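Single-structure report; data block below.
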Amino acid sequence: MDSTGPPPVGFTHGRWLTPYDSVSPEKRPLVSADSGVDGSSPSNGDCKSGHYVLQDSTESTWKRHMSLRRCKSWVFLALLAVYLFFLTSSPTAPAREADPVRRSNGYSDIVQWDNYTLWIHNQRIFLHSGEFHTFRLPVRELWLDIFQKMVAAGLNGVSIYVHMGLTNPSRGVVDFKDWRALKPMYNAASEAGLFIVLRPGPYINAETSAGGIAHWITTETAGEVRTNATDWVEAYEPYIDGVIKESVDYQITNGGPIIAVQIDNEYDQSISHQLYFQRLENQYREGSIVVPLTYNDPNEREAFINGTGAVDIYGMDAYPQAFDCSNPLVWKNVSMNYHAYHEKVNPSQPWYMPEFQAGAFDPWAGPGYEACAVLTGPDFEDVFYKHNWAANEKLVNYYMIYGGTNWGGIPFPGVYTSYDYGAPIRENRLLTDKYDELKRQGIFLRSSPEFRKTDWIGDSATGIPEVNIDNGLVYGTYLRNPDTGTGFLITRQNDSTSAANVAFTVSLPTSQGILTLPTTTDSIVLHGRQSKLITTDYTFGNKGALLYTTTSIFFAGTIGPRDVIFLYGHVGQSHEFSFIPLGDGVGTTSSLVQLSKLARRPATTVTILPGVQGLITVWESPEQLVLYSDPVTAATFWAPPIRSPSVDIIEGLETFWQFGTNTTVLVGGPYLVRNASLEDSGTTLALVGDLNASVPLTVFAPQEVTAVTWNGEPVGTMTQSRSSGLRGMLVLKSGIRDVKVPELTGWRYADSLPEVKKGYDDTEWVVADKKSTNIPIKPVFGDGRVLYGCDYGFCENIILWRGHFNATGLETGANLTIYGGECFAASVWINDKFISSVYSPSEHVNHLFKFHEDALIVGEDNVMTVIQDNMGLDEDDNEKSARGIAGFALVGGNTTFGTWKVQGKVGGYLNYPDKVRGLFNEGGLHGERKGWHLPGFDTSGPEWTLRELSDGLPGGSAGVGFFVTTFELDIPGFTDTPISFQFEETNDQPYRALLFVNGWQYGKRAANIGPQTRFTVPQGILDYTGENWVAIALWALNDTAVSPTLQLAVDAIIEGGVGPIASNNPVWRSLRP
């Protein structure tokens, strides 16, 4: 291999394993030697004379002066670290083994894999990914916000579902416009630097209606969905063709971000399913999708690894805490067989988890997402994510990194409007303590190439050669890089649910022989639900080396000419690490940090005593910087990638860490750092990011940097703190304090249930007279007519039914079986008399609706009106869900129903007018059909009156009314200010409400069920610099007065954001001409 150029970006970080890599450097992106690459070495043409001193040793090796006058190759520099480290003893690190044979799918070798990891452009990667569904944030400009926050946390991948039901509203129609577009999402991911695993279904699950399958398919196809049934295949293939057309040019093979495509989701490998999978795979290949095809197996079914329909790379999902957030402090144990399962079913592939729990969905009447965030909080991430590392997992996707909103008819019946998920990034896009822990792990993984290739050596259950943990309450798993000997001992409590404190010591192999750790304090401590990674023989930067550490590693790499490592540990515990100091440097004077040299060893041992808070510079020299802090302080630091232009960088990957750049800096203080660049010939560091408070700014950058800008403005006076960093102050702009939102007043009201009034004309309604249906649940009683909304084009949101009959006077009631999905409601009138409402926690209810004595008009047409919720279609095996009236019969006399009519959204799924907001936005309420929820509707007509929302419906009666008002916002453009709509905080009133904001249905409230009372609405739906239209469809379930309240609430005021955000809110005049 050519050794005269700089090292390949993805394999450096100063790791001495690099020169042995079998892949030729000309196939890897390179970074210029003078760019301050994180872990790179100077190229042959740019070697400087190096002079560094190891001080204060009793051995001659500590007095040795080494001058490097000439550099023949970067190989020599990398090997120099090995020489220093092993100078006084015989190294035990193994000789580098040849990499296993890489595999590919035969269509491209850009993405390959072996039993350890993926390879992309001949570089190993640890795929560290998070799940994000763009359809749950229908504002395209905000997708970049989520992507940038993911990259800032050290992630390099994003997994994205595409929702068939939203993009394929009817047969032959595939719509990738507006917020359904894929190309803007691909471009935003490339801009941020994220690889994409695309998951287009057709079935996606995702707690969404019908699992994402288009609603029209559930009634128009007789065959079983997700099989090789002919009509199902004919139905889904145009959608998949549309996905292919949008995506083919954005594969990694064409310089795009897509590295894999998943086949369907969570299934079993029966014969018909195999044929279905194979047909999908063939369709992708025939459409020139060449990246690997993957699969997500629910739990451990061993599906689609071999045989017909097998994918290229198998993955398994896991949700070890399940989905009951009611007792968030009660944990389940970790799963103990992940590694054994992988070795059993697909040992030749890397261990891939396409979905691992990062939160939980919450059902109607659930405890709320704050509880789910606790159940899967930072301690869960610490224990369970590192437990996955212990299983040698090298591809993982956290579900969800950002949950978003189930606006309109998106959710399946088991969840409500918010899909916050208790995720690291909350529904309002704010960062959490879960995000902090994810970032601490993410930056470590990004900084640690040795961790990308590890052998599983053993664990406490099977035994670990040469490793002994002295406390049986502690469980350990030992991984080792076969090339470098770097060891990773992942420890936790044997009972992973335990909240007790345990202490232990451990003996383990190092390059200096077997060591018992710690050497200067009594023990290593686990405080309850905590995991610790004990690392040995870890190198950082060009020459830096740790013999061992019981602290956690946050960052490792090179900044300018210096090797930098940033360690952290729990403030109430003692910690220890041993490193080789390089250069003429200075150690800390903190009384809580003690430096001592090991006898006959070149390393210095550092003891961290309990109580360290804030940042401490343990050691600094012109060649090296060693930092330490508590975990909270570490989480205030960012390591943004800095683009380093080079002719060798692969087109399209300029922003990708490891491929386009390894240049970085450390920035401490801001709420978020989105981007960083070097300007003015490298003397100015330009930072772009967000602030939530005025904070001290700490910057560790190349020594040439003397000035810093923040969002384009100079940062006052930057002072130098010895040689370790620049210090300054970031001050919030004064205008941020002036952000206010108005009160919601001036409501105008109109009745929205004229259907129950005498003389209502339903001539234009659809006659419900079908006698057959493809929905598996057939009518249970009646005269055989099918009264399911989906069969008449009305498959989303509220539906109304009107059953006509000629009364004899003997009728006493009607027996109805109504299907609406879990927690649905239905209200029934006979003529203009309200009978009652029903609510069911299950998907259907059977009820006898008794007529009032004076309700019937004998000898004339009588009408029974039913208004019902459609809570969405079920997932899994019941996508073809019954939604409507499955049984109907008049009680008393011999009368039967005559005509049945049905009404849902305007136009149904074939001719709905609002193509921007889409199929799932509207339902069949009179006010929706008239467009009262749309901006610009004229509320000056005689049917409209002034009435406050808190007054409820006139007379305190059951029914439906629309309340409409407008309000102005003037939010400064330099802020990111998430805003929510807050109803009264109790859930004890018998009403339901739909919240429409600028025409978008952005909330469904069930005030007698809960739990949701607060509804986040993003900028873009809200116009932050103009008039906004809000409408409430209030459905009172009983003849009981209800008094809803609603106000705007500012969730946070953040200075920064992603820039201008456009609104696309079609007005009434364009949709209801």
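Solvent exposure of segment 917-1071 amounts to 32 Å² per residue of accessible area, where only protein heavy atoms count and the probe is 1.4 Å. Solvent-accessible surface of segment 690-806, taken per residue with a 1.4 Å probe and all protein chains present: 47 Å². Spin-label model, S326/R171: points 7 Å from Cα along the beta carbon direction are separated by 4.5 nm. If R0 is 35 Å, what FRET efficiency do you get for E713 and D584 from their C-beta distance, rounded to 0.05? Result of the calculation: an efficiency of 0.40.
Its relative contact order, with pairs defined as Cα atoms under 8 Å and 6+ residues apart, puts the chain at 11 percent. With helices as the sole contributors, the chain gives -3500 deg cm²/dmol at 222 nm; each DSSP H run of n ≥ 4 counts as -39500 (n - 2.57), and the sum is divided by every residue. A simple spin-label model places pseudo-atoms 7 Å from Cα toward Cβ; at K344 and L473 they are separated by 3.2 nm.
Placing a label point 7 Å from the Cα of E853 along the Cα-to-Cβ direction, the residues of segment 801-845 whose backbone N falls under 16 Å from that point are 809-813. Annotation: extensible slack from S596 through E220 equals 127.7 nm (criterion: 0.36 nm per residue apart, minus Cα-Cα distance). For T745 and T520, a Förster radius of 45 Å and the Cβ-Cβ distance give a FRET efficiency of 0.10, rounded to the nearest 0.05. Matching the structure-derived Kirkwood radius over Cα pairs in Å against the labelled list (i) 32.6; (ii) 31.1; (iii) 34.4 gives the label (ii). Counting charges near A707 (Lys, Arg +1; Asp, Glu -1) among other residues having Cβ under 12 Å from its Cβ returns a value of -4. Spacing of the modelled spin labels on V767 and D988, each 7 Å from Cα toward Cβ, amounts to 5.1 nm.
Applying 1/(1 + (r/R0)^6) with r as the Cβ-Cβ distance of D783 and D951 and R0 = 30 angstrom yields a FRET efficiency of 0.10.
The lysines whose alpha-carbon is closer than 20 Å to the alpha-carbon of K344, local same-chain residues fewer than 8 away aside, are K394, K453.
Once you list every other residue whose beta carbon is under 14 Å from the beta carbon of S129, what net charge do they have if Lys and Arg are +1 and Asp and Glu are -1?
Net charge in that neighbourhood comes out at 0.
Can you give me the % of accessible surface on segment 283-362 that is carbon or sulfur? Probe 1.4 Å, all protein chains present, nothing else counted.
In segment 283-362, the share of accessible area belonging to carbon and sulfur is 47 percent.
In percent, rounded to a whole number, the relative contact order of segment 333-428 is 36, using alpha-carbon pairs under 8 Å and six or more apart. Backbone N atoms of segment 806-822 closer than 16 Å to the 7 Å Cα→Cβ label point of N846 belong to residues 814-820. Take every pair of alpha-carbon atoms less than 8 Å apart whose residues are at least six positions apart; their mean separation over the length of segment 844-926 yields a relative contact order of 14 percent. Pairs exceeding 30 Å between alpha-carbon atoms, taken from K778/K850; K770/K905; K245/K930; K771/K905; K177/K880: K245/K930. The slack in the chain from Y760 to K733, taken as 0.36 nm per residue of separation less the alpha-carbon distance, amounts to 3.9 nm. Summing charges over neighbours of D751, with a neighbour being any other residue whose Cβ is under 15 Å away from its Cβ, gives +1 when K and R count +1 and D and E count -1.
For the set V647, V766, solvent exposure ranked by accessible area (probe 1.4 Å, protein chains only) runs largest to smallest as V647, V766. I need the shape label for segment 420-540. Rule: rounded when a/c is under 1.5, else prolate if a/b > b/c, else oblate, with a, b, c from the alpha carbon gyration tensor. Oblate is the answer for segment 420-540, as a/c is 1.5 or above yet b/c matches or exceeds a/b.
The values are calculated or read from the model by the stated rules, or taken from the named source; none is laboratory data. Fair warning: this is a prediction, and the values are worked out from it, not measured in the lab. We place every Cβ from the backbone using ideal geometry, glycine too, and count neighbours over all the protein chains shown. For accessibility, only protein heavy atoms count, side chains too; no ligands or nucleic acids. Shrake-Rupley method; radii C 1.70, N 1.55, O 1.52, S 1.80 Å.
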